[in-house]
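Encoded as structure tokens, the structure appears first; notes follow it.
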Amino acid sequence: MSATAMSLIGHLGWTIVLSFVLVGTRLFASATKGNALNSFSQDGSDLPSWGGRVTRAHGNSLEWMVIPAALMLFGIATDQTAITNGLAMICLYCRLAQSIVHMASTSVPAVLVRATFFSVQVVIWAIWAWNFYNAG
């Protein structure tokens, strides 16, 4: 399996893991507060701070899945994974780190670290898109 395929599965798998963490957080809140299901809020504002951060990390992962997935799928479908293989795992590791920092803290230093991991991903996506364009 290419690094691109492994990274794509990793991105999808991580989003699934975050889904389970979010469900577990909501179930725990429901069991301990009793009324958490009656006051459901999509943005996680009905949950304690950890739950809100998990909700936002999960949403962020879903929102930004399309760009790397599309680029990696394009590389796989057109047999151009040589373009994505070199940075594919770095892209995944930055996504994992971004989500973990997102869940850990909302302090200014944590937000800056999270923004750095996100920026690295955006640069990788731009490199891939540019290289696909130039290969055509």
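The values are calculated or read from the model by the stated rules, or taken from the named source; none is laboratory data. Small disclaimer: the values here were computed from a predicted structure and weren't measured. Cβ coordinates were reconstructed from backbone atoms using ideal geometry, including for glycine residues, and neighbour counts include every protein chain displayed. Note: accessible area is taken over every heavy atom of the protein model, side chains too, but ligands, DNA and RNA are not part of it. Shrake-Rupley method; radii C 1.70, N 1.55, O 1.52, S 1.80 Å.
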Of all accessible heavy-atom area on the range 13-116, the percent that carbon and sulfur account for (1.4 Å): 70 percent
Per residue accessible area of the chain, 1.4 Å probe, in Å²: 55 Å²
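Return the calculated 222 nm mean residue ellipticity for the chain, to the nearest 500 deg cm²/dmol, obtained by summing -39500 (n - 2.57) across DSSP H runs with n ≥ 4 and dividing by the residue count. If you can, show how the numbers build up before the last one.
Values: 5 runs with 110 residues, N = 136.
So the calculated ellipticity at 222 nm is -28000 deg cm²/dmol.
Jot down the per residue volume, in cubic angstrom and as a whole number, of the convex hull over the alpha-carbon atoms of the chain. Intermediate results must be reported in sequence, preceding the final value.
Working: hull volume 13.3 nm³, N = 136.
Hull volume normalised by residue count: 98 Å³.
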Contact order relative to length of the chain, as percent, for alpha carbon pairs under 8 angstrom and 6 or more apart: 29 percent
Pairwise centroid distance, computed over Cα atoms, of the range 1-70 with the range 76-136, Å: 19 Å
Assigned charges on the beta-carbon of Lys, Arg, Asp, Glu; the chain dipole about Cα centre (debye): 300 debye
Largest to smallest accessible area among 76, 83 [probe 1.4 Å]: 76, 83
